[in-house]
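Below is one structure, written out as structure tokens; comments come after it.
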Amino acid sequence: MPRRHRRSLFLALLVSLLLICAGCSRQAAPPGVAAGILSGDTVWAGTVFVGGDVTVARGASLTIAPGTVVRFLTPDSAAGGRADHPHFPGSELNVEGTLVAVGSAGEPITFAAADDAAPAGSWGALNFAEGAAGTLRYCVFRQADSAVHSREATVEIAESVFENNLVGIRFNSSAIRIERNLLRGNGTAVRFHFGAPVVRGNRFESNRVNLFVTAHPRDYRFEGNFFGRPEDYQVVLGEEVPENVHLAGNNWDGGAAAAVLGQIFDGRRSPYLGIVEIEPVATLPANATGPSWMQ
């Protein structure tokens, strides 16, 4: 074989070897990876991996069966690839249509990172866009940046668990019902501005901040909740909350109102903020808050 032919063959083999090695360094795509845009009516069951951003298109629906485990891949995995995420870093499920995720006491639906050892913030969020609708019951959310994030959507969240997330539930100008959930071990359990929330019968435990109101709350109802002792604050008012915030009818770690005031950041600390009003404090039975299936 002429020398120039041998040289060409050697270069071709070298390039092939380099390509193979480069492929070996990437995460192999697991089966059941969802990606891109979902149209029509889609059902997820079993174990589903979300690679990059998955969008439920406007007019479409996604139903997630009881017992399903939805795992979010890292953005640089082979399955997801890198993407410009419109909301939070990491793989996300964006809902422009309708999402129904209703598990059961025996078969909750789990949303978590692909790696059980990954820290909070390892995936983005379930994002509900303007006009979207969502029903989330008997679900478990772990390791997200903001596990459920709603903007001008209609969402029901009940009988669910939020743990080890940077933010459990975040919303803006949404008609949202949050009832009988457990929020524990999160950076911030609930964060919102504007909105028309009904927040009833929830249990807050071991969060850094239980409630962060960032701007001009209106049409809100917080009642019958148990706010356990936080690491930092029970309630924080953001700089755009000059009005008083009414949170009577809740229980604050079984303590009297005077014992709670040191765990509230409001106009008592910064004069341009409103005052968080918590009296009268409620006395709640032990089984009155949190998911009924965990009593």
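Every read-out reported here was derived from the displayed coordinates using simple, explicitly stated rules and does not represent laboratory data. This is a predicted model, so every value here is computed, not measured. Because the Cβ atoms are built from the backbone with ideal geometry, glycine has one as well, and the counts that use them run over all protein chains shown.
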(request) Using only Cα atoms, tell me the angle between helix 3-24 and the longest principal axis of the chain; keep it within 0 to 90° and round to the nearest 10. (result) 20
(request) If a/c stays under 1.5 just call it rounded; otherwise compare a/b with b/c (prolate if a/b is bigger, oblate if not). Do that for region 196-295, with a ≥ b ≥ c from the square roots of the Cα gyration tensor eigenvalues. (result) prolate
(request) Would you mind getting me the FRET efficiency between Trp293 and Glu243? Use the beta-carbon distance for r and R0 = 41 Å, nearest 0.05. (result) 0.65
(request) Would you give the gap between the C-alpha center of region 98-129 and the C-alpha center of region 144-158, rounded to a whole Å? (result) 12
(message) Compute a Gaussian network model of the chain, connecting alpha carbons closer than 10 Å, and tell me which residue from Ser122, Ser206, Ser270 fluctuates the most.
(response) Ser270
(request) Please tell me the relative contact order of the chain in percent, rounded to the nearest whole number, where contacts are Cα pairs under 8 Å and at least six residues apart. (result) 10
(request) Name the most mobile residue of Asp116, Asp266, Asp145, meaning the one with the largest mean-square fluctuation, in a Gaussian network model of the chain with Cα contacts below 10 Å. (result) Asp116
(message) Is the C-alpha gyration tensor of region 28-163 telling us rounded, prolate or oblate? Criteria: a/c under 1.5 is rounded; beyond that, a/b larger than b/c is prolate, otherwise oblate.
(response) rounded
(request) For n ≥ 4 DSSP H runs only, could you compute -39500 (n - 2.57) per run for the chain, divide by its residues and tell me the 222 nm figure to the nearest 500? (result) -3000 deg cm²/dmol
